[in-house]
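Before any comments, here is the structure.
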Amino acid sequence: MKLTIIGTGYVGLVTGTCFAEMGNNVYCVDNNLEKIANLKNNILPIYEPNLASLVKSNQEKGDLIFTGDLKEALDSSNVIFIAVGTPEKEDGSVNLDYVYNVALEIAEVISHDSLIVIKSTVPVGTAFKVKELIESNLDKDIKIDIASNPEFLKEGVAIDDCMHPDRVIIGAQNDEVFDTLKELYSSFIVNSDRFVLMDVKSAEMSKYVANALLATKISFMNEIANICEKVGANVKNVRLGIGSDKRIGYDFIYAGCGYGGSCFPKDVKGLINTAADNGYEPKILANVDEVNENQKLVLVNKIVDRFGEDLSGLTFAIWGLSFKPQTDDVRCAPSLVIASEIIERGGKIQAYDPKATDNFQQNFDSENIVYENSKYDVLNDADALVLITEWKEFRALDLDELAKRLNQKIIFDGRNIYSPKIRKAGFELYQIGC
Ligand code: NAD
């Protein structure tokens, strides 16, 4: 098929590349022309495992074309995906300016009947507004079909998620649209049970509900972790105890120092906002977000309990800045909050992340943080190690190296990845909920 993907970020770039890999002819459009120029030279704006080689090979075979020229792309496409950002506004509502601007740009240059597919996460009703906006600004007789096809890829394993999706949700108004999108996705899906076909609004809603439920599971377990600490129970054991119940399962019930990323925080708030706009006050959702914000402070509270409120004269080695492993994304990352709280109390930071240092530096302005290129260099003369993101390279600890470099053998483990056995080697270990 001939496709256009508008918005070449985490979602647009991964999706476009995977469609091209399957033999489709894909235009990836972005209005950030520097990004497009870099992509043409195989310089990627994001880190995502295995993405770089796929971008290169598909550009070389001519199936993946990067451009800032929307008309050129639409002239050659029948199916147009909108994958631009839908960030949070200050009041927690969803900023749809990028989506609506794209709708107006499409109306201006589109030249033939097309299917517009909303892949961005958008509040219920947005797809119909996009269709309305395009149609009311068209000066030609063109048929526009609209579909909602929310994206469920996870940063860090995005290529795999895209190539092997758990399900593909398609919200549409007629069989022709369902058939077109099913055909497109059939190269990723052998088992047709994985297609979930529904009306447009339910598809839009499904994306928010999925993220809100996952965020709820995390905040629920973090709340349980905090209770465990009070009563002397161990949340890791509790997880094993409850996860064996098939109705509960083991996934997404790990305690930690809070979730981040561009999706959970904004989508929970977006759903709260949609509910409020429609006269409903959601009680569970409001607390999911609050629990998470507090959870980002749990490690800081432990640091303060150990060293006192005044951290001046102390240096903390941070391992992991991205909001989760295998990505360079730091949007809403707990590391931003933890680092700023340490520095506000007079502490200094030496930080290391395998991929996210540049992004973190762009989002965090302080003279009291230095960045190193190795996980061991940040330990030199630090008074404690603070593990925030559980990259694989942090899992196996070289205790001799730690003991040699750290001033004090203290570890704050924000993801509960270390064995309490390291206490036998004289380390103080602080974890979440145990
Ligand atoms: P992103 O910020 O990484 O990328 C958005 C891109 O859109 C940017 O490159 C920007 O330059 C471009 N853009 C903005 N306006 C444009 C215009 N008028 N024309 C062309 N390009 C334009 O965003 P993202 O993380 O890829 O997220 C995109 C959407 O997908 C959001 O709604 C998000 O909630 C949703 N989503 C994200 C993820 C994720 O893991 N990142 C997963 C599922 C769904």
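FYI, it's all coordinate maths here, none of it is from the lab. For clarity, every value in this text was computed on a predicted model and none was experimentally measured. Note that each Cβ is placed from the backbone with ideal geometry, even for glycine, and that neighbours are counted across all protein chains shown.
Just a few scattered comments:
- Pairs of Cα atoms in the stretch 2-200 fall into 10 Å distance bins, from 0 up to the last occupied one, in shares of 9, 37, 39, 14, 0 percent.
- Sorting the segments 31-42, 258-269, 188-199, 49-60 by their residues' average number of neighbouring beta-carbon atoms within 10 angstrom, most packed first, yields 258-269, 49-60, 31-42, 188-199.
- Cα-derived Rg over Rh, computed across the stretch 296-430 with Rh taken as Kirkwood radius: 0.92
- Where no second cysteine Cβ lies under 4.7 Å, the cysteines concerned in the chain: Cys28, Cys228, Cys257, Cys263, Cys332, Cys434
- Couplings 3J(HN,Hα) for the stretch 254-265, derived from phi with the Karplus relation 6.51 cos²θ - 1.76 cosθ + 1.60 (θ = phi - 60°), are 8, 7, x, 9, x, 8, x, x, 7, 10, 3, x Hz, where x marks Gly and Pro.
- DSSP beta bridges in the chain [antiparallel fraction, %, rounded to 5]: 5 percent
- Using θ = phi - 60° in the Karplus curve 6.51 cos²θ - 1.76 cosθ + 1.60, the 3J(HN,Hα) couplings for the stretch 142-151 round to 10, 8, 10, 9, 10, 9, 10, 9, x, 9 Hz; x is entered for Gly and Pro.
- Estimated FRET transfer efficiency (Asp358, Asn95; beta-carbon r; R0 30 Å; 0.05): 0.75
- Dipole axis of the stretch 296-430 (+1 Lys, Arg; -1 Asp, Glu on Cβ), positive-most option in Leu387, Leu336, Ile318: Leu387
- Sorted largest first, extent of the stretch 31-105 alpha carbons per principal axis (Å): 44, 31, 21
- Its Cα centre serving as origin, the chain has a Cβ charge dipole (Lys and Arg +1, Asp and Glu -1) of approximately 1600 debye.
- Cα-Cα pairs of the stretch 187-241 separated by more than 14 Å (percent): 69 percent
- With 10 Å bins from 0: P(r) over the stretch 116-182, alpha-carbon pairs, percent: 19, 43, 28, 10, 0
- Viscosity 0.890 mPa s, temperature 25 °C, Stokes-Einstein D of the chain from Kirkwood C-alpha radius, µm²/s: 105 µm²/s
- As a proxy for reagent exposure, ranking Glu132, Glu390 by other Cβ atoms within 10 Å from fewest up yields Glu132, Glu390.
- Per-peptide packing, taken as the mean over residues of other Cβ atoms within 10 Å, places 316-323, 114-121 in the sequence 316-323, 114-121 from highest down.
- Cα-based shape type of the stretch 275-334, given that a ≥ b ≥ c are square roots of the gyration tensor eigenvalues and the cut on a/c is 1.5: oblate
- Summarising the amide proton neighbourhood of Phe195: residues at separation of 5 or more, or on other chains, whose placed amide H is nearer than 5 Å comprise Val168.
- Phi angles across the stretch 4-11 convert, under the Karplus curve 6.51 cos²θ - 1.76 cosθ + 1.60 with θ = phi - 60°, into 3J(HN,Hα) values of 10, 10, 9, x, 10, x, 3, 7 Hz, Gly and Pro given as x.
- Separation between Cα centres of the stretch 206-241 and the stretch 111-187, rounded to whole Å: 34 Å
- DSSP finds beta bridges in the stretch 78-228, and of those with both partners inside it, around 15 percent are antiparallel.
- Among Ser77, Ser366, Ser244, a tally of other beta-carbon atoms within 10 Å of each Cβ gives an order, fewest to most, of Ser244, Ser366, Ser77.
- For Asp161, Asp358, Asp30, order by how many other beta-carbon atoms lie within 10 Å, fewest first: Asp358, Asp161, Asp30
- Leu64 long-range amide H proximity, modeled H, under 5 Å: Val26, Gln59
- Under 5 Å from the amide H of Ala382 lie the amide H atoms of Asn407, each residue being 5 or more positions distant or on a separate chain, with H modelled from the backbone and absent for Pro and chain starts.
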